[in-house]
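Q: I'd like to ask some things about the structure below.
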Amino acid sequence: MCAAGYGRIVLTSSIGGLYGNHGVANYAVAKAGLIGLSNVAALEGAASGVRCNIIVPAADTRMAEGIDTSAYPPWGPELVAPAVGWLAHESCSVSGEMLIAIAGRVARAVLAETPGVYRPSWSIEQVGADLAKIRDVSAPVIFPVVPDGHVDHIRYSFAMAEGAQHG
C-alpha cells in the first residue's frame, strides 16, 4: 500500500476491547491490541496516503444468539456497514481513529488523559492526597495518533515539569 501511495485499512475492535467485560479477558486483550496495531499502521502509512482506522461495531448477529434482544431498538449490521464503508472509501479523511457504530449511532471513541498533577518527586501518600486532581476529567487532554500523539504526550508532560521549574 505504501509503495502504491494509497490504501485503507479498517480493523475491527470491540466495546469489549475499550471497556472490558466479565469473563472474556482473552477477547478484550485481542480487541484492545488491535487499537495499538491500528495506531502504528496509521503512523507508518501517513506519509504514503495509507489510512488505518478502527471500527467498533455492535449489531444483532450470530454473536448475540441466546441473548434476549426484544427490548432493544433495531441494531442490525446494516447500521454498521456505512461507517465501515466510509472508513474504507477513498474520501476517508481520517487516520488513527476509532468509530463506534451501534443501533444507528456513529460516534468517535478517543483515548484521553486528565491534565494531571506535577510534582518534582512523589510519595505514595501524595498520590493518594492528589488523587481527585489526578482523576479530574473536567478538561481532558487528547493526543491524536496522527501526526505524533506519542511525542505530543511526552512534550506535554515535560512542559509541565519545565513550567514548574521556571514558574
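The values are calculated or read from the model by the stated rules, or taken from the named source; none is laboratory data. Note that the coordinates shown come from a computational prediction; the quantities given were computed from them, not determined experimentally. We place every Cβ from the backbone using ideal geometry, glycine too, and count neighbours over all the protein chains shown. Ligands, DNA and RNA are excluded from the accessible area calculation, which covers all protein heavy atoms including side chains. Shrake-Rupley method; radii C 1.70, N 1.55, O 1.52, S 1.80 Å.
Q: Could you report segment 75-148's accessible area per residue, 1.4 Å probe, as an integer in Å²?
A: Numbers: 4640 Å² over 74 residues.
Value for segment 75-148: 63 Å² per residue.
Q: Highest mean first, what order results for 21-32, 123-134 on Cβ atoms within 10 Å? Please list the in-between numbers first.
A: Values: 21-32: 12.8, 123-134: 10.8.
Highest-to-lowest ranking by the protection proxy: 21-32, 123-134.
Q: Taking the 0 to 90 degree range and rounding to the nearest ten, how far is the long axis of helix 149-166 tilted relative to the main principal axis of the chain, both from C-alpha atoms?
A: 20
Q: Mind checking the angle between helix 25-45 and the chain's longest principal axis? C-alpha axes, 0 to 90 degrees, to the nearest 10.
A: Taking Cα atoms only, the helix is inclined about 80 degrees.
Q: Pop a pseudo-label 7 angstrom from the Cα along the beta-carbon direction at both Ala32 and Met1 and give the gap in nm to one decimal.
A: Using points 7 Å along Cα→Cβ, the separation is 2.4 nm.
Q: What shape does the chain have by the C-alpha gyration tensor, where a ≥ b ≥ c are the square roots of the eigenvalues, rounded means a/c under 1.5, and otherwise prolate means a/b greater than b/c and oblate the rest? Write down the numbers at each step before the final one.
A: Values: a/c = 2.62, a/b = 1.41, b/c = 1.86.
Verdict is oblate for the chain.
Q: Thr12 versus Asp68, label points 7 Å from Cα toward the beta carbon: distance in nm?
A: It works out to 2.8 nm between the two label points.
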